1. What's log10 of I(q)/I(0) for segment 1-53 at q = 0.13, 0.16, 0.28 Å⁻¹, Debye sum over Cα points only, no solvent?
2. For TRP166, put the label point 7 Å out on the Cα→Cβ axis and report which residues of segment 1-15 keep their amide N under 17 Å from it.
3. With θ set to phi - 60°, apply the Karplus curve 6.51 cos²θ - 1.76 cosθ + 1.60 along segment 37-48 and write out the HN-Hα couplings as whole Hz, x wherever there is a Gly or Pro.
4. Using a simple charge model, +1 on the beta-carbon of Lys and Arg, -1 on the beta-carbon of Asp and Glu, nothing else, what dipole does segment 1-158 show about its Cα centre, in debye to the nearest 20?
5. Which residues make up the longest stretch of the chain clear of trypsin sites (Lys or Arg not before Pro) that lie in a DSSP loop with no more than 10 other Cβ atoms within 10 Å, not counting the sites?
6. Sort SER110, SER155 by accessible area with a 1.4 Å probe, largest first.
7. If you average the C-alpha positions of segment 101-172 and of segment 41-99 separately, how far apart do those two centres end up, in angstrom?
8. Going out from 0 in 10 Å bins, what whole percent of all Cα-Cα distances in segment 17-89 drops into each bin?
Amino acid sequence: MRTAWLLIAGGLVVLAFGIGVSITLTYGLVFVAFLGGLAYALGVSGLSQRKWIALPAFVLGLVAPFVLTFGVHSVLMQRTGHVEHCTVTAKEEHPFAKYPSVDYVLACPSGEVELDRDWNDRLKTAEADVLAGPPLLPDWADSTRWNLLLVTSVSGAMILLVPVAWLLRKQP
């Protein structure tokens, strides 16, 4: 039982660390949060010792890193970021890649920003609006916004699943 609690606590700490690193340094480090989500799921499954609780635990453990990384970033940028009008200084097109895209380098008042876009959503002009809010990674101002309810409900479900697993263990 101690191992289960360590996996849950350690998984949540690593998940939070991975989310923080991913939204400030690079999205490429979301795998750190993914490992935390897996540790959390293993801990909850071990704590309850019931087979059916493994499914919601693993669904939350696998989905939470992605929803929380991109959702928390988007929600924080909506709340704390500011819009900057930027000019494209360079672009690199990848039209024949598996997922066609365009990499942009933009000159913004706060400094140089590198962002990419899907091929179908590429910029029509040499100017764009960017949400900036250091220390968070910049984002396109017109990108889809995440809902705070979705972000908090995933976090709440993860927290509430732990006492449910603990209560199930107590049953004969």
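1. Scattering profile of segment 1-53, log10 relative to I(0): -0.33, -0.46, -0.90.
2. Inside the label zone: 1-13.
3. Using θ = phi - 60°, the values come out as x, 5, 5, 4, 4, 5, x, 5, 5, x, 5, 7 Hz.
4. About 1000 debye.
5. Answer - 1-97.
6. SER110, SER155
7. Computed from Cα coordinates, the inter-centre distance equals 7 Å.
8. 20, 35, 26, 12, 5, 2
The values are calculated or read from the model by the stated rules, or taken from the named source; none is laboratory data. Note that the structure is a prediction, hence the values are computed from the model and not measured. Neighbour counts run over all protein chains shown; Cβ positions are idealised from the backbone, glycine included. Surface accessibility is based on the protein's heavy atoms, side chains included, excluding ligands, DNA and RNA. Shrake-Rupley method; radii C 1.70, N 1.55, O 1.52, S 1.80 Å.
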